[in-house]
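Novice: The structure's right below; bear with me while I get my questions together.
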Amino acid sequence: MKFFHRHKHTHEHEMLDCEAVMRQLWDYLDEELSPDRMAAIREHLATCARCYPQYEFEQSFLTALDRAQQEHSNPDGLRNRVAAALRAEGMSEI
Amino acid sequence: MTDDSDVKRERDRHFQQEALSCLPEVTRFALSLTRNESDADDLVQETFLRAYRSWDRYEPGTECRAWLFTICRNQFLNSRARVQREVALEAPELEARQAAMVHDSVRDSPLEHTWLRADLAPAIQRALAALPEVLRSAVILVDLQDQKYEDAARVLGVPVGTVRSRLFRGRRLLQEALLTYAQDAGFVASDQQTDRGSDR
Ligand SMILES: [Zn+2]
């Protein structure tokens with residue numbers, strides 16, 4: 001039985017400079033880039049002392065933003081209220 | 001044997017499965033927009049009533065959450081007496097660079113740890129609420145609701161490039177506001193008091 005590792009280590013990634021990484025840092029954090037570009041930036045960040053702190057800074061900012069989200073104090077109450085309004089509108093109970 | 005009531009039952013079942021199951025996400029979205037639970041409750045109820053009445057216009061297979069967010073945000077904007085005017089936007093690349101400058105200004109303070117302080121959350125909520133609506137909606141959709149740029153663009157009815165501009169601008173303004181807050185509260189030094197010996 002043979003398993004082939006089919007990684008292509010051809011180093012076809014474009015070499016990225018810091019400026020280019022900074023420009024696309026948010027797209028990178030949002031995972032909105034092509035897989036190739038994602039990999040190239042990941043590689044750059046792993047070794048760049050200048051870009052990595054910036055990356056950490058933005059990432060923890062986004063985490064904080066996500067955590068700061070307000071939660072509803074009574075989701076069940078709201079669910080019942082919405083269901084009642086929909087039934088009054090004619091929705092059948094299922 | 002399908003009579004009208006079977007068709008309706010099937011339609012309602014589909015609505016409950018696809019739309020009503022998004023209630024938690026729509027609630028969080030409404031709460032981010034209104035920042036007030038009782039307003040959010042009204043908004044959520046109105047959103048689902050509208051969605052139910054228009055259910056035939058929903059295209060099965062498309063992102064139902066994004067469809068509900070669209071209804072929710074439109075309803076929110078309609079319910080407000082004055083609509084904020086468009087804000088002038090820089091190119092997204094420029095915003096990204098300016099954000100790098102926010103970071104540079106605190107390079108020597110451990111602000112990345114400050115971001116995660118639990119007591120910063122109310123300040124984050126206030127700063128978010130203070131953003132112009134078009135920026136705030138972009139930030140809420142992408143950063144709080146984890147929507148892809150493309151889905152956010154559909155909700156906001158603008159091109160993807162505009163979502164990026166609004167999102168990046170919104171994030172930068174938030175960072176600036178929070179940095180000011182953190183400095184005022186004494187979380188971070190307000191001037192460049194660095195530990196670089198060469199400064200002396
Ligand atoms: Zn770099």
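Coordinate-derived values only; no laboratory data. All of these numbers come straight from a predicted model, not from anything done at the bench. Counting neighbours? That spans all protein chains shown, and the Cβs are built from the backbone with ideal geometry, glycine included.
Novice: Please list 3J(HN,Hα) in residue order for segment A:77-94, calculated via the Karplus relation 6.51 cos²θ - 1.76 cosθ + 1.60 where θ = phi - 60°; whole Hz, with x for glycine and proline.
Specialist: x, 5, 4, 4, 5, 5, 4, 5, 5, 5, 5, 4, 7, x, 5, 6, 7, 10
Novice: Shielding by partners for A:27-37, please: the mean number of other protein chain Cβ atoms within 10 Å of each residue's Cβ.
Specialist: Counting other chains' Cβ atoms within 10 Å and averaging over A:27-37 gives 2.
Novice: Let me ask you something else. What is the spin-label model distance, in nm, from B:Ser38 to A:Ser92 if the labels are put 7 Å beyond Cα along the C-beta direction?
Specialist: Once both label points are built, they end up 3.8 nm from each other.
Novice: Quick one: plug the Kirkwood hydrodynamic radius of segment B:92-192 (C-alpha pairs) into Stokes-Einstein at 37 °C, 0.692 mPa s, and report D in µm²/s.
Specialist: This corresponds to a translational diffusion coefficient of 231 µm²/s.
Novice: Related question: Under 12 Å from the Cβ of A:Arg42, count the other residues' Cβ atoms, weight Lys and Arg +1, Asp and Glu -1, and hand me the total.
Specialist: Here the charged neighbours net out to -2.
Novice: Sticking with this structure for a sec: With r as the distance between the Cβ atoms of B:Asp184 and A:Ala84 and R0 = 51 Å, compute the FRET efficiency 1/(1 + (r/R0)^6) and round to 0.05.
Specialist: Once the sixth-power term is evaluated, E becomes 0.65.
Novice: When you count, for each residue, the other Cβ atoms within 10 Å and take the mean per peptide, how do B:120-126, B:166-172, B:4-10, B:42-48 rank with the highest first?
Specialist: Averaged packing, sorted descending, gives the order B:166-172, B:42-48, B:120-126, B:4-10.
Novice: Using only atoms on other chains, find how many Cβ atoms lie within 10 Å of each Cβ of peptide A:79-87 and report the average.
Specialist: Across the residues of A:79-87, the mean count of other-chain Cβ atoms within 10 Å is 5.
Novice: Still on this structure, please answer the following. Stretch B:Arg80-B:Glu176 to full length: gain in nm at 0.36 nm per residue minus the Cα-Cα span?
Specialist: Contour length minus the Cα-Cα distance gives 31.8 nm.
Novice: Along Cα→Cβ, 7 Å out, is where each label goes; now give me the distance between the ones at A:Cys18 and B:Glu63 in nm to one decimal.
Specialist: According to this spin-label approximation, the distance is 3.4 nm.
Novice: Continuing with this model, one more query. I'd like the mean, over residues of A:53-62, of how many other protein chain beta carbons sit within 10 Å of each residue's own Cβ.
Specialist: 6
Novice: Calculate one ³J(HN,Hα) per residue across segment B:123-139 by plugging θ = phi - 60° into the Karplus curve 6.51 cos²θ - 1.76 cosθ + 1.60, and present them in order as whole Hz with x for glycine and proline.
Specialist: My calculation for segment B:123-139 gives 5, 5, 4, 5, 5, 5, 5, 7, 6, x, 4, 5, 6, 4, 4, 5, 5 Hz in order.
Novice: Right, something else. Once label points are set 7 Å from the Cα along Cα→Cβ at both B:Ser21 and B:Arg126, what is their separation, rounded to one decimal in nm?
Specialist: 4.1 nm
Novice: Arranged from highest to lowest average of other beta-carbon atoms within 10 Å per residue, in what order do the peptides A:59-71, B:137-149 appear?
Specialist: B:137-149, A:59-71
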